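Here's the structure, in structure tokens; my notes come after.
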Amino acid sequence: MIADIQLPASLKVGAGARFALPDMLSVLGAQRPFIIADPIMQELGVVDTFVAMLNEKQIPSAVFANVMPEPDDSSIVAAVESVKQHNADCLIALGGGSAIDSAKAIALLASHGGQMRDYKVPHVVTQQSIPIIAVPTTAGTGSECTRVTVISDSASHEKMLCMGPGLMPKAAIIDYELTLTVPFRVAADTGIDALTHAIEAWVSKKANPFSDQQAMSAMRLIAPNLLKACKTPEDHEAKEAVMLGATMAGIAFSNASVALVHGMSRPLGVHFHVPHGMSNAMLLPTVTQYSLEAAPQRYAACAQIMGLIDDSADIKACHEALMVFLNKLNQELGVPAMSEFGIDKVHYDSITALMAEQAIASGSPANNPLVPEKDALIALYQQAYR
Ligand SMILES: [Fe+2]
């Protein structure tokens, strides 16, 4: 198999990497950058520090800081117009996955027109758009290194997966210092999202020797550090490890794919407004238990790579260790049961068939080691609720 690997052309990684932004713009030949940011980044004054940094180098910038969480196509309309009016030659995506995913969609529509639904899978986005420098402020989605964006359709509420080389940021700044003030809940949800990316890329049917190396490194970095990074945010070492792990997990899944957890997670997010990482966390133990038998060696290796068990342990012991870890992680990170989150069981039961269909349509479950039919998917949704 020949793996088709795509990455940003430039990555600046490490404490203080954000200060390289003006240089990165100059390498890209960009003179009219446009910052797409999370509102919280503006409230915290981070956007102002970026604008000031650019002003110091005589680089005038414009700002759109109304990105919505779990963005839909209506939320980016105003930004597309502003980017066109500004005649922007580079977008700086500053924030979590929502800001970076929004920036990808904004760059695409500002450059090529149309609606986001025109670009959803199975369409492949090959057109190059206004270049993006992604500056993640959470350690999670890995969107800074992926050829993927997820934008909801405001009419149908479908979470549209859009993929293709044209969605890869040109450059990314991986500066863990930007994550030091992230609230516990966000750090926990995004961290489990990243761990899920690594595990799913590792067990994916599209896994390849390149993505395997990234997935292994990501699991090694995230698993032993995630709790510390969430509970003691002043622990720079843990924060740095999880940030780097999240980026590597993004590279892994972008070059291998996610699988059943993500396939089932998107409908849960759409219908019940569960944050993306949290809905992954709600599903990860159930889906892992279900899938173990189809890739016993790979899942056993997960436990060993994460340092949960000795290399000499047998497969069954490795599987047990992995399941104990995933369940305990959810407990320690306060991931609520679906009922605790407020998901009404009657409503849930009434749409599990629909969610199963939407999960299958996304294509992600087909990459899972064990591919469920619709009935099995419905049963998995039921099991995950309990
Ligand atoms: Fe994800």
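The values are calculated or read from the model by the stated rules, or taken from the named source; none is laboratory data. From a predicted model like this one, the values you see are computed outputs, not experimental measurements. Cβ sites come from the backbone with ideal geometry, for glycine too, and all protein chains shown count toward neighbours.
Can you pull out every residue in region 119-148 that is at pLDDT 95 or above and out of contact with any Gly (no Cβ under 9 Å at 6 or more places or on another chain)?
Listed by number, the residues that qualify are Ile130, Pro131, Ile132, Ile133, Ala134.
Tell me, which residue of region 74-99 that is closer than 17 Å to His276 by Cβ and part of a helix (DSSP H, G or I) is modelled with the highest pLDDT?
Filtering region 74-99 for residues that are closer than 17 Å to His276 by Cβ and part of a helix (DSSP H, G or I), the one modelled with the highest pLDDT comes out as Ala99.
Can we say Ile2 is of a type in the set (Val, Ile, Thr) and part of a helix (DSSP H, G or I)?
no
Just to be sure I understand, how many residues within region 250-282 are polar (S, T, N, Q) and more than 13 Å from the ligand (Cβ to nearest atom)?
Total meeting the criteria: 1.
Here is a check on your reading of the model: is Met264 hydrophobic (A, V, I, L, M, F, W, C), buried (at least 23 other Cβ atoms within 10 Å of the Cβ), touching a strand residue (DSSP E or B) at 6+ places or on another chain (Cβ under 7 Å) and not assigned by TED's automatic domain parsing to the domain that holds Ser143?
no
Report yes if some residue within region 35-49 is within 18 Å of Leu108 (Cα to Cα), among the hydroxyl-bearing types (Ser, Thr, Tyr) and within 26 Å of the chain's Cα centre (by Cα); otherwise report no.
So far as region 35-49 goes, no, none of its residues is within 18 Å of Leu108 (Cα to Cα), among the hydroxyl-bearing types (Ser, Thr, Tyr) and within 26 Å of the chain's Cα centre (by Cα).
For the structure I just gave you, tell me whether Ala188 is in a helix (DSSP H, G or I) and under 15 Å from the mean Cα position of the chain (by Cα).
yes
Checking Arg18 against (1) surrounded by fewer than 17 Cβ atoms within 10 Å (Cβ to Cβ); (2) more than 24 Å from Ala110 (Cβ to Cβ), which single condition isn't satisfied?
Arg18 satisfies all of (1) surrounded by fewer than 17 Cβ atoms within 10 Å (Cβ to Cβ); (2) more than 24 Å from Ala110 (Cβ to Cβ) except (1).
Just to be sure I understand, how many residues within region 121-151 are away from the ligand (no atom under 16 Å from the Cβ) and either out of contact with any strand residue (DSSP E or B) (no Cβ under 7 Å at 6 or more places or on another chain) or under 19 Å from Phe64 (Cβ atoms) (or both)?
So the count comes out to 12.
If a residue must be among the aliphatic types (A, V, I, L, M), in a loop (DSSP other than H, G, I, E, B) and under 21 Å from Ser364 (Cβ atoms), how many such residues does region 131-162 contain?
0
Take the residues in region 193-206 that are in a helix (DSSP H, G or I) and more than 9 Å from the ligand (Cβ to nearest atom), then tell me which one is farthest from Ala3 (Cα to Cα).
Leu195
Per-residue answers, yes or no, for (1) surrounded by fewer than 24 Cβ atoms within 10 Å (Cβ to Cβ); (2) touching a Cys at 6+ places or on another chain (Cβ under 6 Å):
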{"position": "Glu144", "(1), (2)": "no, no"}
{"position": "Glu158", "(1), (2)": "yes, no"}
{"position": "Glu177", "(1), (2)": "yes, no"}
{"position": "Thr181", "(1), (2)": "yes, no"}
{"position": "Phe184", "(1), (2)": "yes, yes"}
{"position": "His197", "(1), (2)": "no, no"}
{"position": "Glu200", "(1), (2)": "no, no"}
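May I ask you to list pairs of residues, at least six apart or on different chains, whose Cβ atoms are under 6 Å apart, with the first in region 274-287 being under 14 Å from Tyr385 (Cβ atoms) and the second being at pLDDT below 95?
These pairs meet every condition: Val274/Leu268; Ser279/Leu268; Ser279/Gly269.
Looking at (1) part of a loop (DSSP other than H, G, I, E, B); (2) within 20 Å of Glu240 (Cα to Cα), can you tell me which one Gln128 breaks?
That leaves (2) as the condition not met.
Only one of these conditions is not met by Ser102: (1) within 16 Å of the ligand (Cβ to nearest atom); (2) buried (at least 24 other Cβ atoms within 10 Å of the Cβ); (3) part of a strand (DSSP E or B). Which number is it?
Condition (3) is where Ser102 drops out.
Here is a check on your reading of the model: is Met41 outside any helix (DSSP H, G or I), touching a residue at least 12 places away in the same chain (Cβ under 8 Å) and either closer than 30 Å to His271 by Cα or not assigned by TED's automatic domain parsing to the domain that holds Met160 (or both)?
So Met41 does not fit the description; no.
Could you check, for region 232-245, whether at least one of its residues is within 12 Å of Thr141 (Cβ to Cβ) and among the small types (Gly, Ala, Ser)?
No: zero hits.
Any residue in region 155-167 that is touching a Leu at 6+ places or on another chain (Cβ under 8 Å), away from the ligand (no atom under 16 Å from the Cβ), under 23 Å from Arg32 (Cβ atoms) and not assigned by TED's automatic domain parsing to the domain that holds Ala249?
Yes: one or more hits.
Is there a residue in region 173-185 that is within 16 Å of the chain's Cα centre (by Cα), of a type in the set (Ser, Thr, Tyr) and within 16 Å of the ligand (Cβ to nearest atom)?
Looking for residues that are within 16 Å of the chain's Cα centre (by Cα), of a type in the set (Ser, Thr, Tyr) and within 16 Å of the ligand (Cβ to nearest atom), one finds none in region 173-185, hence no.
Quick check, is Asp118 within 17 Å of Leu167 (Cβ to Cβ), in a helix (DSSP H, G or I), of a type in the set (D, E, K, R) and within 16 Å of the ligand (Cβ to nearest atom)?
Against the criterion (within 17 Å of Leu167 (Cβ to Cβ), in a helix (DSSP H, G or I), of a type in the set (D, E, K, R) and within 16 Å of the ligand (Cβ to nearest atom)), Asp118 does not qualify.
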